[in-house]
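Heads up, the thing below is written out as structure tokens.
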Amino acid sequence: MEKMIEAVNVSYIYQTKYQKTKALSGVSCSFERGKVYAVTGKSGSGKSTFLSLLAGLDVPTEGTLNIEGEDMRKINRDTYRLNRASVIYQAFHLFPLLTVLENVMFPMQLQHVPAKQAKARAQEYLKKVDLPESLYKKMPGMISGGEQQRVAIARAIASGGEILLADEPTGNLDSQNEKVIVELLCKLAHEDNYAVIVVTHNEAVAAAADVVYGMSDGVLSVVRE
Ligand SMILES: Nc1ncnc2c1ncn2[C@@H]1O[C@H](COP(=O)(O)OP(=O)(O)OP(=O)(O)O)[C@@H](O)[C@H]1O
Ligand SMILES: [Mg+2]
């Protein structure tokens, strides 16, 4: 089976006027659909940098990142970010002035899906993340953190992409909500065949993953597979 994502000797350097920081160094690994991957490691080790390359926000300074065999440098990264890979964050980042339902419709509107169809699909995605219908018309600020993260997941899958990236998705949640989110991410990988990649400090989150990578000073190694 072709690998969904393959990193080959990926390095990344942040260059500012005053200094260079090598955030990733010779990272090689791969990601397949149907599995949950955890990327663990200390603060500053390069986890978020790696995730932003996987999200197509930038390209490696050296090495290659292949998406189904195509070099990230050669594909249209705007299209990739719009249609294929979505990111969820610790702080949820929902649009505060849109309702729950409108948040989930948003990626489909960018894709010019007709409003009626976008609404119907948004309702399906919200069902998939188990959000009560009574919350669809609320603003994100009126619902709990765990509920907001479920909306963020619904919005992420609404783009129709196959790659789900998460940066500390449970960092702002209590252990009960953490469990719900982790189970949901596992379900999306195992039942719906997403490639799920989760950056986390959290042991319980890593324990639920199928494969665990560890990042240390920009160098990636396999912890468990
Ligand atoms: N925009 C930036 N400009 C310059 N250096 C940066 C930038 N972002 C991150 N870095 C540096 O790159 C290295 C890796 O940072 P990164 O944010 O990837 O770490 P992290 O593992 O996600 O840490 P944390 O667990 O604290 O989120 C660090 O040395 C950091 O200071
Ligand atoms: Mg980070």
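What follows is calculated from the coordinates using simple rules that are stated; it is not laboratory data. This is a predicted model, so every value here is computed, not measured. Cβ: placed from backbone, ideal geometry, glycine included. Neighbour counts: every protein chain shown.
Key figures for this structure:
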item: Axial C-alpha extent at least 15 Å, average Kyte-Doolittle at least -1.0 - helices from the chain (DSSP); result: 100-110, 145-158, 175-190
item: Inter-label distance for Lys74 and Ala115, nm, one decimal - labels placed 7 Å from Cα along Cα-to-Cβ; result: 4.2 nm
item: Whole-number D in µm²/s for segment 12-68 (Stokes-Einstein; Kirkwood sum over Cα pairs; 37 °C, 0.692 mPa s); result: 259 µm²/s
item: Kirkwood Rh in Å, taken over all unlike Cα pairs in segment 144-216; result: 12.5 Å
item: Residues of type aspartates and glutamates that Lys35 reaches as a straight line, Cα spacing below 15 Å, ignoring anything fewer than 8 places off in the same chain; result: Glu2, Glu6, Glu162, Glu183, Glu191, Asp192, Asp210, Glu225
item: Rg/Rg_globular for segment 42-147, with Rg_globular taken as 2.2 N^0.38 Å and Rg from C-alpha atoms; result: 1.29
item: Among beta bridges that DSSP assigns inside the chain, antiparallel share in %, nearest 5; result: 50 percent
item: Distance histogram for segment 47-93 (every C-alpha pair counted, 5 angstrom bins, percent rounded to whole numbers); result: 5, 20, 32, 25, 11, 5, 1
item: Spatial separation of Cα centroids for segment 204-219 and segment 108-161, in angstrom; result: 29 Å
item: Relative contact order, percent, the chain [alpha-carbon distance under 8 Å, six or more residues apart]; result: 31 percent
item: Cα-derived Rg to Rh of the chain, Kirkwood definition; result: 0.97
item: Value at 222 nm in deg cm²/dmol, rounded to 500, when DSSP H runs of n ≥ 4 in the chain each add -39,500 (n - 2.57); result: -10000 deg cm²/dmol
item: Pairs from Lys3/Lys47; Lys74/Lys119; Lys3/Lys187 whose Cα-Cα separation, in the structure shown, is over 25 Å; result: Lys74/Lys119
